[in-house]
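Structure first, commentary second.
The values are calculated or read from the model by the stated rules, or taken from the named source; none is laboratory data. This structure is a prediction, so every number in the text was calculated from the model and none was measured. Every residue, glycine among them, receives a Cβ derived from its backbone with ideal geometry; neighbour counts consider all protein chains shown.
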Amino acid sequence: MTVTGALRGSDLKLAERLAQIPDAPGVYTMLGENGRILYIGKAVSLRNRVRSYFQDSAAHPERTQRLVERVVDVRTVVVHNEVEALILESNLIKRHQPPFNVRLRDDKRYPYLKVTNEPFSRVLFTRVVKDDGARYFGPYTNAHGLRELINLIRIVFPLRTCREPIDGKRHRPCLQYHIKRCLAPCVGYQSEPEYDALVDEVVLFLEGRQDRLLERLQAEMAQAANRMNYEAAARLRDRIVQVRRVTEGQKMVWGTRVDMDLIALASAQGQACAQVFLVRGGKLIAQEHFIVEGVSERSEAEILSEFLKQFYTARAGMVVSGGSGFSPLALRESLANEVPVAVTERARLFRARRTPAQTTVPKEVLVETVPTDLSVIEAWLGELKGQRVRVLRAQRGVRADYMRLVHENAEQNLKAFLAHQELQETASARSLTELATALDLPEPPHRIECYDISNIQGTNPVASMVVFVEGRAKKSDYRRFRIRYDSGANDFAMMQETLRRRLRYLRADTNAPGETDSASVAAKERSVERAVQRKERFHRRPDLLLIDGGKGQLNAVAEVLEEMDLWGIPVAGLAKEHEWLYVPGQSEPIVLPPNSAALHLVMRIRDEAHRFAVEYHRKRRGKAMTRSALDAFAGVGPVRKRRLLNAFGSLSALRKASVDEIAAVKGMTPALAASIKNTLLGGPPS
């Protein structure tokens, strides 16, 4: 049997690609129409693994068969060994979220606790993990619980919350100092070594090492008391009390002090729930559950294997963000015209301390089922931690008892998720069906796009585009537009500009984003990958355009649809005064009942578009209000501007300064100083 025998006759390009695949370890990416990534996998031998999908005699499960039928191209990246392939595969799955891969649901939205990499670090809530040297703890599935944890940390450990640079120029402390939430390093009341010691305590607390933290605090309290610094000793005593209160709430699991994670799976209706118990020093310090998608026709061992890769990739800080990845191993650069992988250096924060992977990866991982690729996963986790890590199946004794408890939690959380999902889907289906009936649509709209304009008398105009898929917000497809129309407050013209810029992607003659003017050409996407992603998202045709406004805005949009020959897209306007719907060609509005699910849906979509537009407008307006006369000077960027204001304090003081005094500021030149001086005094720039 031949490989090409199973291929369609038109797939000569794919056949040629399969013939060129190397016999080496690496990662393969299967692509569908329009370059969409369908599946990402790894293999010890790329040639054997990829070609096996297309053999005549291959008996694939239905899911795999559907994948093979949609593949039009295959790309590969060769690496040194299977462990590197595992790391690269996990990063690419996290970045692209292919539909045929097992993947954590909404993984990019999970919140993390961040300890910043800066002098006098801060503790922050974030949903974006970057390779910026900061320490990340998580992911957490409960954002509210994480915010409560951050509040607790700020009470127990008085770290700063402000963004001001700590340069010693502040003359008095802020309110946080007076309510004992900060020790005012900004005015020199706390030195940097003292502050760093406090950050160390926070890290120990977050790692679940409260015993070591308490020993350290007790020793510091005794030293402060011996020096008769009773005020500092009292603060340390209060901190010890707070930490003990938290520690007492943690359940002792068993006598051993080995750090371990207990992971169990429950699956039903094409979904799975992974329950994770984090045990540190014999104590249960946290538990989280994660919904896993794409698990139909997959064995529990396969699901567990994919979950372990993605879960520990996230916890170790190896999250691909903004086109950059993080890896403790040296990955080979991708081949020409293959999947791009950017490799950055290991995070530099806390050089004298352990890396994030060393603290978040336990010595043991207890599971119910042995995962596929067990040896590779153990080798990878061991590489992350810097010592041997074992993935064990709990079969008897105390560990098996606790694994049953973990499994029960997984089943309960999965049932709750499925019940909530069913309720949401039922409500969404009812509202979409009612909306389709009211607007006389052939079927319920799958993708709804809503647009709104925000400006104040034509100043700083912006537009928003929000997307709802199956009645639920899809924030990854939201877009905002900086309006270029500058001839006054004309919401109709601004709405037309917005729709032209969005709908041009749906025209048959549009092959790439961008306009014809030179300014827009200079502002095109800065990477091929970003351009492809934008093109892919903007080429998705909406089933309904919803406009925030009445007849006037609707008629303006109708002109654009006629101009671009896109009349096939249904459009409706929602007027705010009476919440009436208007459609082209009908003079009378469509009045939905006040208790209608369809009315509640369109109002929610409209309100979301309004919120998104107003938020962006406030941001632009805020930036405009903070501009100074220095922004108009060519050659004066943010750094020079900051240095000038730090040196002279204000523009009035800068006007009084001589040219020589201005030129003496670091980074300034005599010619630029003379130009600034002349302009500030009312003359033209020299």
If I filter region 81-90 for residues that are in a loop (DSSP other than H, G, I, E, B) and either hydrophobic (A, V, I, L, M, F, W, C) or touching a strand residue (DSSP E or B) at 6+ places or on another chain (Cβ under 8 Å) (or both), do I get at least one hit?
no
Pick from region 441-471 the residues that are modelled with pLDDT under 90 and out of contact with any helix residue (DSSP H, G or I) (no Cβ under 6 Å at 6 or more places or on another chain): which of them is farthest from residue 585 (Cα to Cα)?
459
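Anything in region 375-393 that is in contact with a strand residue (DSSP E or B) (Cβ under 8 Å, 6 or more places away or on another chain) and either at positive phi or free of Cβ contacts under 8 Å to residues at least 40 places away in the same chain (or both)? List them, or say none.
Step one: list which residues in region 375-393 are in contact with a strand residue (DSSP E or B) (Cβ under 8 Å, 6 or more places away or on another chain), which gives 377-378, 381, 389-393.
Once the filter is applied, which keeps residues that are in contact with a strand residue (DSSP E or B) (Cβ under 8 Å, 6 or more places away or on another chain) and either at positive phi or free of Cβ contacts under 8 Å to residues at least 40 places away in the same chain (or both), region 375-393 yields 378, 389, 390, 392, 393.
Considering only residues of region 173-191 that are assigned to a helix (DSSP H, G or I) and out of contact with any His (no Cβ under 9 Å at 6 or more places or on another chain), which is surrounded by the fewest Cβ atoms within 10 Å (Cβ to Cβ)?
Keep residues of region 173-191 that are assigned to a helix (DSSP H, G or I), which gives 175-178, 185-187.
From what's left, out of contact with any His (no Cβ under 9 Å at 6 or more places or on another chain): 175-178, 185-186.
On the way: 175: 8, 176: 18, 177: 19, 178: 10, 185: 22, 186: 24.
Once the filter is applied, the top-ranked residue is 175.
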Scan region 391-407 residue by residue and report those that are assigned to a helix (DSSP H, G or I) and either farther than 19 Å from residue 283 by Cα or of a type in the set (A, V, I, L, M, F, W, C) (or both).
398, 400, 403, 405, 406
Taking region 198-246 as the region of interest, how many residues are surrounded by 14 or more Cβ atoms within 10 Å (Cβ to Cβ) and either among the small types (Gly, Ala, Ser) or on the phi > 0 side of the Ramachandran plot (or both)?
5
Residues located in region 111-157, provided they are among the small types (Gly, Ala, Ser), within 21 Å of residue 291 (Cβ to Cβ) and either touching a residue at least 24 places away in the same chain (Cβ under 8 Å) or in a loop (DSSP other than H, G, I, E, B) (or both)
138, 143
Looking at residue 423 and the list (1) at pLDDT 90 or above; (2) not assigned by TED's automatic domain parsing to the domain that holds residue 301, which single condition is not satisfied?
(1)
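With the structure loaded, tell me whether residue 605 is modelled with pLDDT of 90 or more and either among the aromatic types (Phe, Trp, Tyr) or in a loop (DSSP other than H, G, I, E, B) (or both) or whether it fails that test. Give the steps one after another, and end with the answer.
Numbers: modelled with pLDDT of 90 or more: yes; either among the aromatic types (Phe, Trp, Tyr) or in a loop (DSSP other than H, G, I, E, B) (or both): no.
Judged against the criteria, residue 605 is not a match.
Which residue, of 160, 170, is closer than 30 Å to residue 361 by Cα, touching a Cys at 6+ places or on another chain (Cβ under 6 Å) and not in a helix (DSSP H, G or I)? Break it down stepwise before answering.
Details: 170 fails: closer than 30 Å to residue 361 by Cα.
Exactly one of 160, 170 is closer than 30 Å to residue 361 by Cα, touching a Cys at 6+ places or on another chain (Cβ under 6 Å) and not in a helix (DSSP H, G or I), namely 160.
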Among (1) at pLDDT below 90; (2) under 28 Å from residue 207 (Cβ atoms); (3) surrounded by fewer than 17 Cβ atoms within 10 Å (Cβ to Cβ), residue 408 falls short only on (1)
Could you say whether any residue in region 95-111 is over 30 Å from residue 296 (Cα atoms) and in contact with a helix residue (DSSP H, G or I) (Cβ under 9 Å, 6 or more places away or on another chain)?
no
Any pair with Cβ under 8 angstrom, 6 or more apart, that starts in region 458-477 at a residue that is free of Cβ contacts under 8 Å to residues at least 40 places away in the same chain and over 22 Å from residue 128 (Cβ atoms) and ends at one that is surrounded by fewer than 15 Cβ atoms within 10 Å (Cβ to Cβ) and of a type in the set (A, V, I, L, M, F, W, C)
458/489
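Given 436, 429, 416, which one is over 28 Å from the mean Cα position of the chain (by Cα), among the small types (Gly, Ala, Ser), part of a helix (DSSP H, G or I) and closer than 20 Å to residue 293 by Cβ? Give the derivation first.
Working: 436 fails: closer than 20 Å to residue 293 by Cβ; 416 fails: over 28 Å from the mean Cα position of the chain (by Cα).
Going through 436, 429, 416 in turn, just one is over 28 Å from the mean Cα position of the chain (by Cα), among the small types (Gly, Ala, Ser), part of a helix (DSSP H, G or I) and closer than 20 Å to residue 293 by Cβ: 429.
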Select from region 357-390 the residues that are among the β-branched types (Val, Ile, Thr) and under 19 Å from residue 287 (Cβ atoms) and write down the one among them that is nearest to the chain's Cα centre (by Cα).
360
Which of the residues spanning region 593-611 are buried (at least 21 other Cβ atoms within 10 Å of the Cβ) and touching a helix residue (DSSP H, G or I) at 6+ places or on another chain (Cβ under 9 Å)?
598, 599, 601, 602
Residues of region 129-169 satisfying the condition of being over 17 Å from residue 181 (Cβ atoms) and loosely packed, with under 14 Cβ neighbours inside 10 Å
142, 143, 144, 145, 165, 167, 168, 169
With respect to residue 468, determine if the residue is under 23 Å from the mean Cα position of the chain (by Cα), more than 15 Å from residue 542 (Cα to Cα) and assigned by TED's automatic domain parsing to the domain that holds residue 575.
no
